[in-house]
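Colleague: Here's a structure for you.
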There are 2 protein chains.
Amino acid sequence: MPTALEQISALQHKLYALQYALNCIELDSSTVAPKKGYTGRGQALEELSRSHHALLTDSGLLALFAEARTGTLTQQQAAELDELERQYNETSRIPADEYAAFSRLTSEAVTVWEQAKATNDFALFCPYLEKIVDTRRRFAAYFDPQKPAYDVWLNQFEKGLTTQRCNAFFDQLKETITPLVAQIVAKNATPPTLATQWPVAEQRQLSAYLMNRLGIDSGHCMIGESEHPFTAEFYKGDVRITTHYHEADFLSSMFSVIHESGHALYELHTGDTLQYTCLAGGATMGLHESQSRLFENCFGRSLPFLQGILPEIQRLFPSQMEGVSAEDLYRAANVCQPSLIRTEADEVTYCLHIMVRYQLEKQLMNGELAVRDLPAAWNAQMQEYLGISVPNDSVGVLQDIHWAGGDFGYFPSYALGSAYAAQMVAKMGETLDLDALLLQGDFAPIREWLSERIWKYGKMLAPDALLHNAFEGEFDPKFYTDYLTKKYSELYDLKA
Amino acid sequence: MPTALEQISALQHKLYALQYALNCIELDSSTVAPKKGYTGRGQALEELSRSHHALLTDSGLLALFAEARTGTLTQQQAAELDELERQYNETSRIPADEYAAFSRLTSEAVTVWEQAKATNDFALFCPYLEKIVDTRRRFAAYFDPQKPAYDVWLNQFEKGLTTQRCNAFFDQLKETITPLVAQIVAKNATPPTLATQWPVAEQRQLSAYLMNRLGIDSGHCMIGESEHPFTAEFYKGDVRITTHYHEADFLSSMFSVIHESGHALYELHTGDTLQYTCLAGGATMGLHESQSRLFENCFGRSLPFLQGILPEIQRLFPSQMEGVSAEDLYRAANVCQPSLIRTEADEVTYCLHIMVRYQLEKQLMNGELAVRDLPAAWNAQMQEYLGISVPNDSVGVLQDIHWAGGDFGYFPSYALGSAYAAQMVAKMGETLDLDALLLQGDFAPIREWLSERIWKYGKMLAPDALLHNAFEGEFDPKFYTDYLTKKYSELYDLKA
């Protein structure tokens, strides 16, 4: 008879294998799978997810955890038990039939949302979103009936996060960013223009060059192509990223590749002993986004980095790059302009898009806003935060998939990630000559810095502890607002 | 409480999902996965295979099958029960620890075989192959201690096949093919030459053109690239093929694509009701190879087919195809020349390579040949069947992976498939004007012929019944030898 710890290890191996299979199937489906093979894939995914769920809701688990805790545990073993017990609780508190019904609801809702977005028909999507909001509010009470529903979901995506902390964070952002954007808009600057034909074959070569420059071993990380860029983590020895090439604009894929490389590096540097356990991989959404945005924005969109890769871009695109200096490239990569679509937003206005979503989903979850009133509320917020009017719901409230998928509390982690990243850069800069390293493409010291403080710990430490490792102090959004203010004041020649 | 039939249906859905995952991971690993991610993949594959094995060896299954049989069953339900019971018996008769040990042995042996092949060192591989042969002989006795071991394994790959039937088949082949090859060799004809630079980008376009011409819907079947071409069957709505492009020779990939398309068409046309059951997909190895070889050789290497696709080849490769007629292409695609490597052999000498392996593995399994004497026996057989001397074991007895993987009894199905294909063509030709259809690229009547007689039945009918459907009579290798004799007598202007 295997010991409790052996059984817990075997359970984690099973969960790992199912998760590996689910990742592989999802990656395949988004990249190379034939378009009409969805029925059988859905069937397979449903079965495998059911097996995964069944492993985590086994009624014997709590006794097993208790038995394991009677012995002496290493720090890692204790963390594994905590994490598994957390997953058990999360999964078990929702009755199985309600869980299954919600899966079906969101799966249908995503299809309806696609149609509603395509035809600018919020009314079509409205009853689905109403059911989703109701269900999420009910589920929140299963976790903690004392807490406001939105707090439950914030904590889900970013352990320890509360509405109170979020409010403070976003208030501080609003105070700085809104006037900054207003100043930039007032400048009415003409954005620099680049060529509009960038052959995809050379863009593919640029992707390989960039990944290599950031220190990604192609033996452990390959790139594919999909409609929307993403990262798929199989395990620390195999991570995939994807991009989408636009012939008219090479910067789009270039920054996607750098962004996803940030996610990939985090996963690739998980500590060896965490492999195949529930502690492997990035700690939270916010921390993951901090790494992708650190690489994409703080490093990738910096002048020294762009200076360093300029020769390779010139080599690949000699005619397109004729007469384009590093400074020109830097300006083209950092145009700030309020716009309708979050995923196409620049570094500054991006967090305003998040704030709009934050305000609205908080009100939805806490019962202060009815779903039918959402489009009007959306449009009002876009006016308030970004100063633009929304011409229709397709490019407004219907633009993101998240709510159709049932994800509330996810959006704030995008903005938090950016803020974490800025503070990491500040801290890193105390001991590393970042400008020189970025210019030379010498990412080894940067990887080591991040690896030692964050990456190698996987989910073994709480997010707050990881941030403390990195910051050697408390999180302070001022690093982020200072970073944006300094960078964009210089770019747009603003008065202090 | 679900009924026995409901439980059996649920079991098949679980098996389907695990098989889907295994296929997806294997396809990924051979096409786009990073090269150094094998440890975690091995871990995942082992867990998923273990789950698959556990489902099929559940001690309650026999009682469940018996219970299900007490009710009235449809033909399909009865066939599902038979097939599941066959799989249960096959899997359960080998003790779990011996099964696991054999998996480890063959996994190690494949690695050692790769090294032995690379360094021409049979002695390195010899002890592994000895253990594999011993284990396979022991396992055969678990299935049926009365039967010669080799008969057990023949029946495994091709239900109903015996040494006796194989002997008769190969004797008849030998009688015709050996003198045919001798006549061709005596002609000492100069093979036609084609250009030696065929850009891969255009070869990729040719692949898409060919798949479309054969009637493959790209919404249900995509092509990838791998070291060795193969077909991966997810389910009838999603089948993948792969090819390998050689810049120097476009015919290599072209015929791989047609070959794998034959496999794919078979799977894509499985009857709808068989989906997600153990009866879905091709019936046996021999039948599968019959479809791939039918398309590759009987259709693909025919003059009318090549005439029909000539304009597209000329369009894609104008300079390479300058002055090349359909007749030239036909001759280039049908050069007959004894050579060392099976996978590169032409249509005629291919079956001689199979005969060499057949003789040797039969003797190994039946204890008439010691593994240490295998290289000498191999070389003697190559001399006897193909009239060539083997310079070293790397291009001799070490060339194929099959035995390292523990597969004995697999090789004959390649030759049988070719013979089945020739008889199908003869039968088809009684009602279809094949030359006209191949010239026009009108494969719809051909697909319908095959679908109605073979494809749609999946594994629901026994192989003999499927062949009877196709032939409307008994299998007779004379169709195959006649086909080869006629085709190659004309090509090489041989006297009757």
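The values are calculated or read from the model by the stated rules, or taken from the named source; none is laboratory data. It should be emphasised that the depicted structure is a prediction, and the values quoted were computed from it without experimental measurement. Cβ placement follows ideal geometry from the backbone for every residue including glycine, while neighbour counts extend to all protein chains displayed. Surface areas here come from the heavy atoms of the whole protein model, side chains and all, with no ligands, DNA or RNA. Shrake-Rupley method; radii C 1.70, N 1.55, O 1.52, S 1.80 Å.
Colleague: Rounded to the nearest 100 Å², what's the accessible area chains B and A bury against each other, both chains counted, probe 1.4 Å?
Modeller: Working: alone 22040 and 22020 Å², together 41260 Å².
Chains B and A together bury roughly 2800 Å² of accessible area.
Colleague: Mind listing the label-point distances from A:N392 to the same position on all other copies, shortest first, one decimal in nm, points 7 Å along Cα→Cβ?
Modeller: With the label placed 7 Å along Cα→Cβ, A:N392 yields 6.9 nm.
Colleague: Moving on. At A:L251, label 7 Å along Cα→Cβ: distances to the other copies, nm, ascending?
Modeller: The answer, with the shortest distance listed first, is 5.2 nm.
Colleague: Now a separate question. Per 10 Å bin from zero, what fraction in whole % of the C-alpha pairs of the range A:387-439 is there, up to the bin with the longest pair?
Modeller: Using 10 Å bins, I get a P(r) of 19, 27, 24, 20, 10 for the range A:387-439.
Colleague: Starting from the residue with the highest accessible area, list B:K14, A:K495 in decreasing order, probe 1.4 Å.
Modeller: Numbers: B:K14 85, A:K495 160 Å².
Per-residue accessible area, sorted high to low, gives A:K495, B:K14.
Colleague: Dividing the convex hull volume of the Cα atoms of the range A:221-296 by its residue count, what figure in Å³ per residue is obtained?
Modeller: Values: hull volume 6.1 nm³, N = 76.
Per-residue hull volume (Cα only) is 80 Å³.
Colleague: Rounded, prolate or oblate for the range A:144-212? Axes are the square roots of the Cα gyration tensor eigenvalues, ordered a ≥ b ≥ c, and the cut-off for rounded is a/c under 1.5. It would help to have the intermediate numbers written out before the result.
Modeller: On the way: a/c = 4.32, a/b = 1.57, b/c = 2.75.
Oblate is the answer for the range A:144-212, as a/c is 1.5 or above yet b/c matches or exceeds a/b.
Colleague: Right, something else. Using only the alpha carbons of chain B, what is the convex hull's orientation-averaged projected area in square nanometres? All intermediate terms of the calculation are to be shown ahead of the outcome.
Modeller: On the way: hull surface 96.1 nm².
Its average projected convex-hull area is 24.0 nm².
Colleague: Kindly provide the helix-only [θ] at 222 nm of chain B, computed as the sum of -39,500 (n - 2.57) over DSSP H runs of four or more divided by all residues, to the nearest 500 deg cm²/dmol? Walk me through the numbers on the way to the answer.
Modeller: Details: 20 runs with 304 residues, N = 496.
It lands at -20000 deg cm²/dmol.
Colleague: At 20 °C and 1.002 mPa s, what whole-number value in µm²/s does Stokes-Einstein give for the translational diffusion of the range A:341-442, with Rh from the Kirkwood sum over Cα pairs?
Modeller: For these conditions, the coefficient is 138 µm²/s.
Colleague: If you wrap the range A:82-185's Cα atoms in a convex hull and average its projection over all directions, what's the area in nm²? Intermediate values should be presented prior to the final figure.
Modeller: Values: hull surface 38.8 nm².
Result: a mean projected hull area of 9.7 nm².
Colleague: If all Cα-Cα distances of the protein assembly as shown are sorted into 20 Å bins from 0 onward, what percent lands in each bin, rounded to whole numbers?
Modeller: 11, 38, 33, 16, 1
Colleague: Considering only DSSP beta bridges where both residues belong to chain A, give the percentage that are antiparallel (nearest 5).
Modeller: Numbers: 4 of 9 bridges.
The antiparallel proportion sits near 45 percent.
Colleague: Here's another thing I want to ask about it. Under the classification rounded if a/c is under 1.5, otherwise prolate if a/b is larger than b/c and oblate if not, where does the range B:117-171 fall, given a ≥ b ≥ c as square roots of the Cα gyration tensor eigenvalues?
Modeller: Working: a/c = 3.23, a/b = 1.61, b/c = 2.00.
It comes out oblate by the Cα gyration axes.
Colleague: Using a probe radius of 1.4 Å on heavy atoms only, what accessible surface per residue do you get for chain A? Whole Å² is fine.
Modeller: Each residue of chain A exposes 42 Å² on average to a 1.4 Å probe.
Colleague: Enter the angle in degrees (range 0 to 90, nearest 10) between the Cα long axis of helix B:478-491 and the first principal axis of the Cα atoms of chain B, meaning the one along which they spread out most.
Modeller: Rounded to the nearest ten degrees, it is 30.
Colleague: I'd like the distance between the alpha-carbon centres of the range A:184-213 and the range B:421-489, rounded to an integer number of Å.
Modeller: Measuring centre to centre over Cα atoms gives 56 Å.
Colleague: Separate question: Give me the net charge for the shell around A:P463: Cβ to Cβ below 11 angstrom, other residues only, Lys and Arg +1, Asp and Glu -1.
Modeller: On the way: positive: A:K159, A:K459; negative: A:E158, A:D464.
That sum, taken over residues with Cβ under 11 Å, equals 0.
Colleague: Let me ask something else. Need one value for B:12-23: mean number of C-beta atoms belonging to other chains within 10 Å of its residues' C-beta atoms. Write down the numbers at each step before the final one.
Modeller: Details: counts 0, 5, 4, 1, 4, 13, 7, 1, 9, 11, 2, 3.
Mean partner shielding for this stretch: 5.
Colleague: If Lys and Arg each add +1 and Asp and Glu each add -1, what is the summed charge of the other residues whose beta carbon sits under 12 Å from the beta carbon of A:E368? Before the final figure, lay out the partial values.
Modeller: Working: positive: A:R137, A:K362; negative: A:E361, A:D373.
My count for the surroundings of A:E368 gives 0.
Colleague: Follow-up question, since we're still on this one. Between the helical axis of A:163-187 and the dominant principal axis of chain A, each derived from Cα atoms, what acute angle in degrees is found, rounded to the nearest 10?
Modeller: 20
Colleague: First compute the accessible area of the protein assembly as shown with a 1.4 Å probe, then give the percent of it belonging to carbon and sulfur atoms.
Modeller: On the way: 20890 of 41260 Å².
The value for the protein assembly as shown is 51 percent carbon and sulfur by accessible area.
Colleague: Along Cα→Cβ at 7 Å, what distances in nm separate the A:G405 label point from those on the other copies, shortest first?
Modeller: When each copy's label point is compared with this one, the spacings are 3.6 nm.
Colleague: Please determine, in degrees from 0 to 90 and to the nearest 10, the orientation of helix B:75-92 with respect to the longest principal axis defined by the Cα atoms of chain B, where the helix direction is its Cα long axis.
Modeller: For helix B:75-92, the angle is close to 80 degrees.
Colleague: From zero up to wherever the largest Cα-Cα distance of the range A:379-496 sits, split into 10 Å bins and tell me the percent of pairs in each.
Modeller: 11, 28, 31, 22, 8
Colleague: According to the Cα gyration tensor, what semi-axes, each the square root of 5 times an eigenvalue, does the equivalent ellipsoid of the range A:1-149 have, listed from largest to smallest in whole Å?
Modeller: Each semi-axis is √(5λ); the values are 35, 22, 12 Å.
Colleague: Which chain A residue comes nearest the axis with its C-beta when you rotate A onto B, and by how many angstrom?
Modeller: A:A21, 2
Colleague: What is the sum of charges, Lys and Arg at +1 and Asp and Glu at -1, for the other residues whose Cβ falls under 14 Å from the Cβ of B:H288?
Modeller: On the way: positive: B:K159, B:R293, B:K459; negative: B:E158, B:E233, B:E260, B:E267, B:E289, B:E296.
Neighbourhood net charge equals -3.
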